[in-house]
Amino acid sequence: LTLPKPIVLIAEELSPATVSALGPDFEIKNIDGTDRKALLSALATADAILVRSATQVDAEAIAAAKQLKVIARAGVGLDNVDIKAATAAGVMVVNAPTSNIVSAAELAIGHLLSLARHIPDANASLKGDKWERNKFTGVELYDKTIGIVGLGRIGSLVAQRLSGFGARLIGYDPYISPAKAEQMGVSLASLDEVMEQSDFITIHIPKTAETTGLIGVDQFAKAKKELRIVNCSRGGIIDEDALLEALTTNRIAGAGLDVFNNEPPKGSPLLSLPNILVTPHLGASTEEAQEKAGISVAKSVRLALAGDLVPDAVNVAGGQIDESVRPGISMAEKLGQLVFGMADASLVSIEVEVRGEIVVHDVSVLKLAALKGVFQNAVTEQVSYVNAPLLAEQRGVEIKLTTDLVSEEYRNMTTIRAVLSDGSVISASGTVIGPKRHEKIIGINGYDVELAFAENLVLMVYADRPGIVAVYGKAFADAKVNIAAMQIARQQKGGKALSV
Ligand code: NAI
Ligand code: 3PG
């Protein structure tokens, strides 16, 4: 019997390196993600989808995708993916956050220089057999004030590149510290100050509810007449009506746009203005960026479809995973399954306790893995690292992660302690031992044990007296159940005993 290969949809033009990096383990289908009907129908059987910015992976698309495990954005901006809907459906969302940042930064510099020196218009003029030297007199960047809106990955690369031009750099980004900005050679300012003081502005922020229309009529009213503004981030961050007004009335000197409210911006009056320079969303369109983006998402898709955590996942709260923490992930998941199997009333709260030197690193992924294990057999929907915390929240199960550097008997130890609705508390502890990374159960409800996880485990608690093992041994034999391994523990002689 050969199992069908997982289906990976490629919904937009990606570098050929993407398919090579995906390898032979998938059935790859190419579709046009902008063809809504084709997209929804192909999503019905897809395990993964790879997109750029043109495919709308919204709530409707996600609802149509019953098998979908991962949405991979071969680029940076995620405004075309409904991350909330994906998370609720247990679908991982990944992007390629550094793949195209250099390309985007270089294009923004290209727009700034082109606006300053009229390069595109002069080129068109000369190719039209004219020699118009006076018409295309420009301005220098040197000694000018350049405002950078958004000092993240791309904004900081733009600042770095502009530092060679001898310009004064100011920046607006409410989420970075003045010291960080200073390191980039940028003085932080308010948006109003950036609008008032800048000769050039370049925008590098994501499109969110907060940033849509950030630069509108009021902001242009504050600008210098000489302002040339560039947007290579997302359409709609500059209000297009306000920009049209500012350019037609010469309120500002010029604009360079790589991105638009609607793409393509068919029939937009902006396109016919003499003082605007436009490119068709080319920020990431370089050989280097496309290759990096394609390979990066292909790797993420492989990991995600193998059930692994993905470093570039944007909707998994696991943080950076250190190598010393990684072996504990699958153990914590199994421990979660064990605890769920032990629970005979509903869960009220779950505490995941991690002990040992690994806690110097972020171990929150072990909490996620434990939750995934707990809920795996509790709900019919597919449980993933993505939706496990949500499932707990929806069920009103309180979750806590505690850590302790001290672990007396084992180098690392994870315990899941659950309070049940009848007031009882159950617990199971596990560890990962030695270079072969053996996963062991080392404690159950306060009994010390040391045994391997197995697909089928039977737990029996009884009075510690002779003859019990013979009784259940016979019962298993009569039922033709083979016992592959067994361990008996007791807390004190003559008290209760546990057989696993
Ligand atoms: P990033 O996440 O590294 O940086 C974004 C910065 O914007 C952060 O520092 C953040 O604090 C800041 N920010 C957020 N809200 C803000 C607000 N209301 N006001 C001011 N600053 C705010 O993102 P990165 O990689 O620099 O990319 C920025 C955007 O560029 C992406 O979201 C994407 O939409 C766009 N982009 C466009 C490309 C193109 O082809 N034209 C290529 C690549 C990215
Ligand atoms: C991005 O956010 O990565 C850029 O806007 C690039 O988009 P694209 O992949 O559609 O060119």
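The table below lists the values:
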read-out: Neighbour net charge for GLU13 - beta-carbon separation under 15 angstrom, K R +1, D E -1; value: -3
read-out: DSSP bridge pairs, the chain: antiparallel proportion in percent, nearest 5; value: 40
read-out: Chymotrypsin sites (Phe, Trp or Tyr not before Pro) restricted to region 155-197 and DSSP loop, no more than 12 other C-beta within 10 Å; value: TYR175
read-out: Cα-centred dipole magnitude for the chain, charges only on beta-carbon of K, R (+1) and D, E (-1), debye, nearest 20; value: 800
read-out: Whole-Hz ³J(HN,Hα) from phi, Karplus 6.51 cos²θ - 1.76 cosθ + 1.60, for region 365-377, glycine and proline x; value: 5, 5, 5, 4, 5, 4, 5, 4, x, 4, 8, 3, 9
read-out: Of the trypsin sites (Lys or Arg not before Pro) in region 248-339, those whose Cβ has at most 13 other Cβ within 10 Å and which sit in DSSP loop; value: LYS266
read-out: Charge dipole (the chain, unit charges on Cβ, about Cα centre) - positive-most of ILE215, TYR142, SER163; value: SER163
read-out: Rg to Rh quotient for region 152-258, alpha carbon positions, Kirkwood Rh; value: 0.94
read-out: Relative contact order (%) - criterion: Cα under 8 Å, at least six apart; region: region 142-222; value: 37
read-out: For the chain, calculated [θ]222 nm from helices alone, where every DSSP H run of n ≥ 4 adds -39500 (n - 2.57); value: -9000 deg cm²/dmol
read-out: Region 45-144: chymotrypsin sites (Phe, Trp or Tyr not before Pro) falling in loop per DSSP and having at most 12 other Cβ within 10 Å; value: TRP131, TYR142
read-out: Calculated from backbone phi, Karplus (6.51, -1.76, 1.60) coupling profile of region 416-422 in Hz, x at Gly/Pro; value: 10, 10, 10, 9, 9, 5, 8
read-out: Dipole of the chain [Lys/Arg +1, Asp/Glu -1 at C-beta], most positive-end residue of LEU309, ALA242, ILE229; value: LEU309
read-out: Links that overshoot a 26 Å alpha carbon limit, given the list LYS224/LYS266; LYS334/LYS474; LYS180/LYS367; LYS29/LYS292; value: LYS224/LYS266; LYS334/LYS474; LYS180/LYS367
read-out: Long-range HN-HN contacts of GLN487 with modeled amide H, under 5 Å; value: VAL500
read-out: Cα lying deepest toward the dipole's positive end in region 316-393, options LEU391, PHE340, LEU366, charges on Cβ; value: PHE340
read-out: Accessible area per residue in Å² at 1.4 Å probe, computed on the chain; value: 50
read-out: Rule-of-thumb Rg ratio for the chain [Cα; 2.2 N^0.38 Å; N residues]; value: 1.26
read-out: Kirkwood Rh (inverse of mean 1/r, distinct Cα pairs), region 416-500, angstrom; value: 14.5
read-out: Rg/Rg_ref, region 265-337, where Rg_ref = 2.2 N^0.38 Å and atoms are Cα; value: 1.88
read-out: Charge dipole (debye, nearest 20) of region 15-102; +1 at Cβ of Lys and Arg, -1 at Cβ of Asp and Glu; value: 60
read-out: Accessible area of the chain belonging to carbon and sulfur atoms, whole % at 1.4 Å probe; value: 52
read-out: Average Cα contact separation per residue, region 205-360, under 8 Å, 6 or more apart, as relative contact order %; value: 15
read-out: Calculated FRET efficiency for the pair THR98/GLU450, C-beta based, R₀ 41 Å, to 0.05; value: 0.40
read-out: Under Karplus coefficients 6.51, -1.76 and 1.60, residue-wise ³J(HN,Hα) of region 165-176 in Hz, glycine/proline x; value: 9, x, 9, 8, 9, 10, x, 10, 7, x, 9, 10
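The values are calculated or read from the model by the stated rules, or taken from the named source; none is laboratory data. Because the structure is a prediction, the values reported are computed rather than measured. Quick reminder, even Gly has a Cβ in these numbers, built from the backbone with ideal geometry, and neighbours come from all protein chains shown. Please note that ligands, DNA and RNA were not included when accessible areas were found on the heavy atoms of the full protein model with its side chains. Shrake-Rupley method; radii C 1.70, N 1.55, O 1.52, S 1.80 Å.
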